[in-house]
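One structure is given below, encoded as structure tokens.
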Amino acid sequence: MKRQLRALAAAGLLVASSLVAVALGGSASADTQICEQYGSTVIQGRYVVQNNRWGTTAQQCINATNNGFEITTLNGSSPTNGAPTAYPSVFFGCHYTNCSPGTNLPIQVSQISSATSSISYRYVSGAIYNASYDIWLDPSPKRDGVNQMEIMIWLNRQGPIQPIGSVVGTTNLAGRTWEVWRGSNGSNNVISYVASSAISSLNFSVLDFINDTRNRGAITNSWYLTSIQAGFEPWQGGAGLAVTSFSANVNGGGQPPTNPTTPPPSGGASCAVKYTANSWNNGFTADVQITNTGSSAINGWTLNYSLPGGQQVTNAWNATVSQSGSTVTARNVGHNGSLAPGGTASFGYQGTLSGSYSSPSSFSLNGATCSRS
């Protein structure tokens with residue numbers, strides 16, 4: 001049995017304290033120590049690291065790094081037949097009104113074309129804890145309070161602890177076999193996937209676990225993914241436990257729920273892209289406008305294209321833009337992720353230039369080719 005207090009007491013404690021987490025949150029450019037009960041900080045300009053000491057009054061401190069965090073002080077202790085003392089973690093999405101910068105969550109399950117993540121842990125001996133990865137879902141695009149569905153991935157457990165509920169079978173996901181538990185803590189339903197032995201790192205599809213949960217009838221495609229989190233639930237001890245790396249990417253472009261009286265969309269995104277550039281001897285800027293030319297809303301977008309040789313993006317605004325070789329990937333930020341039919345979103349960036357300038361020749365949005373406008 002676990003996390004009852006986190007779900008029940010958190011409903012009161014964390015709602016009130018979420019403002020504290022926001023107020024304490026900053027951006028971690030160097031290692032940042034957090035000892036406040038619900039203190040948090042931002043790493044990589046993309047993820048939130050939170051202390052989240054919800055189940056004990058004893059001191060707990062974490063050290064947020066650029067890639068994750070380490071538990072440096074942990075004085076709390078709880079009986080192993082009850083809930084853990086805390087859930088120090090790093091997350092992408094929205095947790096009790098604290099949303100990670102630029103997140104496109106909440107996003108409807110039907111709209112997710114891909115959701116991938118990687119996680120690496122450092123473990124210690126002599127403590128009682130689990131290394132857990134949480135996926136939270138709700139029937140509404142909820143940004144505060146307790147969600148109705150919690151998916152837990154137990155990558156390691158030490159000591160006489162177990163998930164909520166009881167074993168309902170096994171399944172194969174992410175190239176491994178997992179024992180599946182199912183139950184409720186009185187506030188939300190929980191499906192847990194428990195590894196048979198400790199996993200120190202995993203690169204996997206979050207969507208695979210969401211789909212398995214959906215196939216068990218626990219959610220539908222109309223539900224919303226609100227956050228994904230990775231950290232530790234300690235019962236006794238745990239100083240030195242660390243998340244050494246964490247990444248998460250959720251891309252839109254899936255299909256919306258279909259109305260029985262309405263034929264489903266033909267697939268992919270219908271889009272047009274206007275690309276306006278200004279160049280000089282060794283640099284350039286570009287303004288990019290995306291238009292939804294289809295009849296269905298787009299909730300979360302990723303634009304892909306190739307830059308001609310000699311061009312390198314240096315900074316961007318109104319989108320998260322990355323470049324690998326000549327391939328550019330631009331993802332929406334929080335305020336411009338939803339495009340109604342006929343709606344537009346714009347972003348821009350600056351880059352360096354070597355040689356003569358030319359603009360990209362083709363674009364794809366959520367995997368579908370766009371026209372030029």
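The values are calculated or read from the model by the stated rules, or taken from the named source; none is laboratory data. What you see is a predicted model, and the numbers here were worked out from it, not measured in a lab. In this analysis, Cβ positions are derived from the backbone assuming ideal geometry, glycine residues included, and neighbour counts consider all displayed protein chains.
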Test: residue in segment 267-284 that is touching a strand residue (DSSP E or B) at 6+ places or on another chain (Cβ under 6 Å), at positive phi, modelled with pLDDT under 75 and not acidic (Asp, Glu): yes
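Going by what's in this entry, would Ser89 be described as of a type in the set (S, T, N, Q), closer than 30 Å to Leu303 by Cβ and surrounded by 17 or more Cβ atoms within 10 Å (Cβ to Cβ)?
Values: of a type in the set (S, T, N, Q): yes; closer than 30 Å to Leu303 by Cβ: no; surrounded by 17 or more Cβ atoms within 10 Å (Cβ to Cβ): yes.
Judged against the criteria, Ser89 is not a match.
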Qualifying positions in segment 316-346 - of a type outside the set (A, V, I, L, M, F, W, C), within 21 Å of Ser373 (Cα to Cα) and assigned to a loop (DSSP other than H, G, I, E, B): Asn318, Asn332, Gly337, Pro341, Gly342, Gly343
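Among the listed residues Ile219, Ile210, Ile199, which satisfies the condition of being modelled with pLDDT under 95 and among the β-branched types (Val, Ile, Thr)?
After applying the criteria, what remains is Ile219.
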Selection within segment 46-64 - in contact with a strand residue (DSSP E or B) (Cβ under 7 Å, 6 or more places away or on another chain) and either at pLDDT 95 or above or of a type outside the set (D, E, K, R) (or both): Tyr47, Val48, Val49, Gln50, Asn51, Asn52, Gln59, Gln60, Cys61, Ile62, Asn63, Ala64
Given (1) touching a Phe, Trp or Tyr at 6+ places or on another chain (Cβ under 7 Å); (2) more than 26 Å from Thr65 (Cβ to Cβ); (3) surrounded by 18 or more Cβ atoms within 10 Å (Cβ to Cβ), number of the condition Leu155 does not satisfy: (2)
Any hit, segment 162-180, residues being touching a strand residue (DSSP E or B) at 6+ places or on another chain (Cβ under 7 Å), in contact (Cβ under 8 Å) with a residue 60 or more places away in the chain and surrounded by 17 or more Cβ atoms within 10 Å (Cβ to Cβ): yes
Check on Thr116, closer than 21 Å to Ser245 by Cβ, in contact with a Ser or Thr (Cβ under 6 Å, 6 or more places away or on another chain) and β-branched (Val, Ile, Thr): yes
Sole residue being in contact with a strand residue (DSSP E or B) (Cβ under 7 Å, 6 or more places away or on another chain), assigned to a loop (DSSP other than H, G, I, E, B) and modelled with pLDDT of 90 or more, chosen from Asn67, Asn81: Asn67
Matching residues in segment 92-107 - criterion: being more than 10 Å from the chain's Cα centre (by Cα) and crowded, with 22+ Cβ neighbours inside 10 Å: His95, Tyr96, Asn98, Ile107
Some residue of segment 133-148 being closer than 15 Å to Ala242 by Cα and modelled with pLDDT of 95 or more: yes
Top-ranked residue of segment 303-315 - restricted to ones that are in contact with a Gly (Cβ under 7 Å, 6 or more places away or on another chain) and either part of a strand (DSSP E or B) or of a type in the set (Asp, Glu) (or both), ranked as surrounded by the most Cβ atoms within 10 Å (Cβ to Cβ): Gln311
